[in-house]
Amino acid sequence: MSMPPPVPTAPAPSQPIPNHLAWAIISAVVSFCLCCFVGGIPGIVAIVFAAQVNSKLNQGDIDGARRASDNAKTWCWVATGLAIFGLLLNIWGVMSGGTEEYMRMIEQMQQAQ
């Protein structure tokens with residue numbers, strides 16, 4: 001009984017290629033909550049690129065995996081930046097009395113009905 005020939009595998013990358021998937025998911029959720037759709041879209045793009053990293057590595061496409069990882073990291077930074085911006089806007093809104101104005105508008109709308 002003879003052994004089957006070995007299956008050729010892609011060379012392993014010299015350094016592990018991070019997929020940034022956890023960061024992409026967290027930044028997408030947080031930026032979506034703090035910035036609405038504007039912040040959520042870059043987070044979703046980051047998730048898509050992060051999900052491509054492992055599949056490209058499994059196919060042996062080391063350069064493609066590196067590009068996907070770099071793109072995921074870039075979009076994670078964009079989503080994180082928008083989340084920070086949204087957080088600052090929310091803090092500014094609360095500090096400047098924006099919630100009081102919002103509640104006054106709600107009361108006026110209820111009285112008009």
- Message: Just to confirm the number: angle between the C-alpha axis of helix 37-59 and the first principal axis of the chain, 0 to 90 degrees, nearest 10?
- Response: 10 degrees
- Helix 21-35 versus the longest principal axis of the chain: what angle, 0 to 90°, nearest 10, using Cα atoms? 20 degrees
- Item | Full-extension gain in nm, ARG67 to ILE84, via 0.36 nm per residue minus C-alpha separation | 3.6 nm
- Note on the structure: In whole percents, the bins of 10 Å from zero upward hold the Cα-Cα pairs of the stretch 64-113 as 23, 24, 21, 16, 12, 5
- Relative contact order for the stretch 21-112, counting Cα pairs under 8 Å that sit 6 or more residues apart, in percent: 31 percent
- Message: For the chain, take the longest principal axis of its alpha carbons; what is the angle in degrees between that and the long axis of helix 98-112, to the nearest 10 within 0 to 90?
- Response: 60 degrees
- Message: On the principal axes of its Cα set, how long, how wide and how thick is the chain? Give whole Å, largest value first.
- Response: 87, 28, 16
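Every number in this text was worked out from the coordinates using simple rules, so none of it is lab data. As the structure is a prediction and not an experimental result, all values here were calculated from the model.
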